[in-house]
Amino acid sequence: MSNNGVLPGPVDKSLPPPARRPRLLAIGGLGIFVILGLSLGLGLGLGLKHDDTSSIPDSSSLSPSSTSSPNATPTGAVLPGLTANGTAPALESWQLDTEREYVLDMAWNLTAPPQVRSYNLVITKDLGWPDGVVRDMLFLNGKFPGPLIEANIGDTLLVNVTNGLSDNSTSIHWHGLYQNGTNWFDGTTGVTQCGIPPGQSLLYNFTIENQFGTFWYHSHSGTQYLDGILGPLIIHAPEEAEVRKLYDTDRVVLVQDWYHDFSTVNLATYLEPENENTEPVPDNGLINGKNYFNCSSYGNDSGHTCYENSTYNVFNVEPNSRTRFRLINTGAFAEFDFSVDNHSLSVIEADSTLVNPHPIDRGQIHVAQRYSVVFEANQSTATNYWLRMSMITFCFTGTNPVLNSAMTAVISYSGSITIAPSNASVDWKDAYSVECHDLDPSNLVPAKAMLPPPATKFYRVDFSFGIGDYQLDRAKVNGTIWSPLANTTTLQETVMGLNSGNASSWSVDEQVGGALSSNNQFVLGVSSTGVEVIDVLVYSLDEGGHPFHLHGHSFWILETGSGPFNWTNYHTNLMPSNPDAVANPLRRDTLTINAFGWSVIRFVADNPGLWAFHCHIAWHMEAGLLMQFMSRADVLKSMAVPAHVMALCPSG
């Protein structure tokens with residue numbers, strides 16, 4: 001961003017008139033001051049923030065309750081950013097109407113015969129201001145956030161993605177989908193495909209099998225998704241009919257941290273020499289693509305243009321109704337504590353695995369994770385209520401003077417959607433998190449029991465951060481710093497390597513299970529012939545929690561802990577799947593590895609392909625925190641990558 005009050009973007013681009021007069025603010029420099037955290041031991045990734053709690057809401061000493069008349073009409077302060085007559089401003093042309101588009105149709109036919117469902121996504125760059133602060137953004141079909149993609153199990157999705165950018169390639173990853181038999185449509189640039197060049201398109205063509213639930217899609221090219229290339233993906237199935245008895249309406253809620261500069265600006269700062277332990281701290285957060293921001297936070301001196309018409313998202317529900325909120329953390333860095341004043345929630349899904357209803361007052365959701373919670377509108381209509389999404393700032397290594405980490409939206413079943421919640425909207429007295437961790441997996445019991453088969457192979461994976469050549473802070477997985485290949489590992493293995501008889505530029509050592517090379521690829525060849533059941537002990541040598549996502553699979557969480565690993569327990573109970581120890585563990589695809597902790601996960605390596613396993617904190621993946629599993633090499637070498645996918649690569 002410039003520091004002279006000039007708007008970002010092309011100089012000949014003018015802004016459309018805002019709903020209210022903009023307040024122009026100008027300061028020199030970046031306007032964001034990051035305090036370096038103290039790095040501990042080998043960990044140079046996420047640190048523990050020694051910070052005050054001024055941004056954390058004050059919990060009441062009273063339990064949430066309402067003493068008002070149950071049918072009263074609320075009165076009180078009007079939400080900020082509204083027009084002179086107290087109504088919400090009209091949506092900007094680039095804003096998706098999530099109040100309409102993200103409400104699922106309860107009449108959707110769960111048992112419809114398999115069919116082809118087609119979507120088109122066009123990626124462009126323009127100016128936007130989801131919280132009032134103007135910045136360059138990336139859009140899908142001219143909107144932010146992206147459109148809902150919806151299908152049934154057994155359907156074939158045809159999604160034509162057109163890159164309308166002028167200067168960068170792109171891709172789309174279908175987060176959580178197995179892509180069994182279509183590894184090249186997983187969308188991971190440098191692993192399963194080359195980026196879609198500017199002005200070109202790629203038709204993603206895959207069938208959804210053996211899974212349903214809440215997923216999302218996003219660019220997997222650099223940090224592009226942080227700038228707007230993301231949206232929800234919901235897969236239905238006949239099994240959903242039973243769980244539908246728990247709710248009356250079904251809605252998607254995207255939550256994310258938000259930065260007022262383009263992601264490449266923050267990435268360059270993060271990766272610059274001698275910059276230890278300083279991930280970019282967000283400027284704000286968004287709920288379904290918008291949030292309130294106080295323009296005066298920047299003072300009178302800012303390089304940002306800020307419109308004073310930002311406001312909170314409002315979820316309008318019916319009294320005495322039950323709503324399924326499908327929460328998806330689509331952010332870059334922050335984990336959130338989530339809750340609703342005066343209302344308990346019931347967790348019924350974790351990363352597309354239905355679980356037995358588990359009541360909570362407050363829960364945590366890390367980057368890329370999904371939870372479905374049931375909310376019951378059973379309190380007084382005399383007030384609206386705060387939906388709280390508070391960033392767990394103790395996991396930040398610095399501060400940001402403009403950030404209000406206590407992000408909120410409004411839930412209204414009073415009929416008065418422009419009124420702010422009153423003092424009768426009471427936060428739960430449960431403490432907010434002081435570390436980044438998941439909801440306890442032992443409390444999330446899959447509704448469909450599945451005993452994991454005994455393990456046939458075991459691997460240990462360590463990750464850490466450290467200063468290397470040229471004083472660069474980089475992440476390492478078993479000593480390797482990942483960077484994307486020009487021709488992708490999938491293409492090298494199916495076309496340039498095994499199929500042609502030529503030696504790959506990297507190799508898989510079945511004894512060690514790894515591949516190390518100058519191309520910065522660490523690949524575990526876990527099943528060269530036939531299906532294997534893989535245990536992975538993931539060890540963190542860092543002081544922060546890291547949300548690790550496995551492509552192409554769901555995994556069982558067998559055990560988590562800290563300190564020395566109990567090998568006796570592993571060989572006695574975990575490896576053979578002793579039913580008394582691992583009867584029905586949670587299955588998911590994104591798990592937080594705790595600070596200086598470890599987790600044992602198990603998955604069935606039956607899906608041919610190269611599958612990324614990486615930290616989903618965007619800054620960390622770009623620092624190299626990614627490895628790959630190669631499954632079913634015997635099948636992979638005989639698979640034919642479609643010509644239009646190969647054509648994206650330099651040698652295609």
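Things to note:
- Some residue of the stretch 318-328 being among the basic types (Lys, Arg), assigned to a strand (DSSP E or B), touching a residue at least 12 places away in the same chain (Cβ under 8 Å) and out of contact with any Ser or Thr (no Cβ under 6 Å at 6 or more places or on another chain): yes
- Lone qualifier among Ser93, Ser118, Ser166 - being in a strand (DSSP E or B) and either among the hydroxyl-bearing types (Ser, Thr, Tyr) or closer than 19 Å to Ile287 by Cα (or both): Ser118
- Listed conditions (1) out of contact with any strand residue (DSSP E or B) (no Cβ under 9 Å at 6 or more places or on another chain); (2) modelled with pLDDT of 85 or more; (3) hydrophobic (A, V, I, L, M, F, W, C) are all met by Val495, apart from (2).
- Scope the stretch 138-150; condition in contact (Cβ under 8 Å) with a residue 40 or more places away in the chain and either out of contact with any Leu (no Cβ under 7 Å at 6 or more places or on another chain) or surrounded by fewer than 21 Cβ atoms within 10 Å (Cβ to Cβ) (or both); matching residues: Leu138, Phe139, Gly142, Pro147, Leu148, Ile149, Glu150
- Count - residues of the stretch 350-405 that are more than 17 Å from Asp257 (Cα to Cα), aliphatic (A, V, I, L, M) and in a loop (DSSP other than H, G, I, E, B): 2
- The set of residues from the stretch 598-622 being part of a strand (DSSP E or B) and either within 18 Å of Val191 (Cα to Cα) or at pLDDT below 95 (or both) comprises Ala605, Gly609, Leu610, Trp611, Ala612, Phe613, His614, Cys615.
- Boolean, Glu272 is over 22 Å from Tyr217 (Cα atoms), outside any strand (DSSP E or B), touching a strand residue (DSSP E or B) at 6+ places or on another chain (Cβ under 8 Å) and modelled with pLDDT under 95: no
- For the stretch 532-559, residues that are more than 21 Å from the chain's Cα centre (by Cα) and at pLDDT 95 or above total 9.
- Of the strands (runs of 3 or more DSSP E) lying entirely inside the stretch 178-263, those carrying at least 2 residues that are open to solvent by 10 Å² or more (accessible area, probe 1.4 Å) and not small (Gly, Ala, Ser) are 201-207, 249-258.
- Taken together, the residues in the stretch 300-317 that are assigned to a strand (DSSP E or B), open to solvent by 10 Å² or more (accessible area, probe 1.4 Å) and more than 28 Å from Pro232 (Cβ to Cβ) amount to 1.
- Meets criteria (touching a strand residue (DSSP E or B) at 6+ places or on another chain (Cβ under 6 Å), farther than 19 Å from Glu279 by Cβ, open to solvent by 10 Å² or more (accessible area, probe 1.4 Å) and modelled with pLDDT of 95 or more) for Val374: yes
- Residue check for Phe596: of a type in the set (Phe, Trp, Tyr) and on the phi > 0 side of the Ramachandran plot: yes
- Apart from one condition, Thr480 fits all of (1) modelled with pLDDT of 95 or more; (2) touching a Phe, Trp or Tyr at 6+ places or on another chain (Cβ under 9 Å); the exception is (1).
- Restricting the stretch 287-305 to residues that are in contact with a helix residue (DSSP H, G or I) (Cβ under 8 Å, 6 or more places away or on another chain) and at pLDDT 95 or above, the residue that is nearest to Ala377 (Cα to Cα): Asn288
- Members of the stretch 93-133 found to be open to solvent by less than 50 Å² (accessible area, probe 1.4 Å), out of contact with any His (no Cβ under 7 Å at 6 or more places or on another chain) and of a type in the set (A, V, I, L, M, F, W, C), listed by number: Trp94, Leu96, Leu104, Ala112, Leu121, Ile123, Leu127, Trp129
- Matching entry among Gly231, Gly195 (being more than 21 Å from Asn109 (Cβ to Cβ), over 13 Å from the mean Cα position of the chain (by Cα) and touching a residue at least 24 places away in the same chain (Cβ under 8 Å)): Gly195
- Phe394 meets each of the listed conditions (1) in contact with a strand residue (DSSP E or B) (Cβ under 8 Å, 6 or more places away or on another chain); (2) farther than 22 Å from Asp105 by Cα apart from (1).
- Within the stretch 439-465, residues that are without any contact (Cβ under 8 Å) to a residue 12 or more places away in the chain reach no partner that is outside any loop (DSSP other than H, G, I, E, B) and open to solvent by 70 Å² or more (accessible area, probe 1.4 Å) with beta carbons closer than 8 Å at six or more positions or on different chains.
The values are calculated or read from the model by the stated rules, or taken from the named source; none is laboratory data. Just so it is clear, the model here is predicted, and its values are computed rather than measured. All Cβ positions, even for glycine, are placed from backbone atoms using ideal geometry, and neighbour counts span all protein chains on display. Note: areas computed on protein heavy atoms with side chains; ligands, DNA, RNA excluded. Shrake-Rupley method; radii C 1.70, N 1.55, O 1.52, S 1.80 Å.
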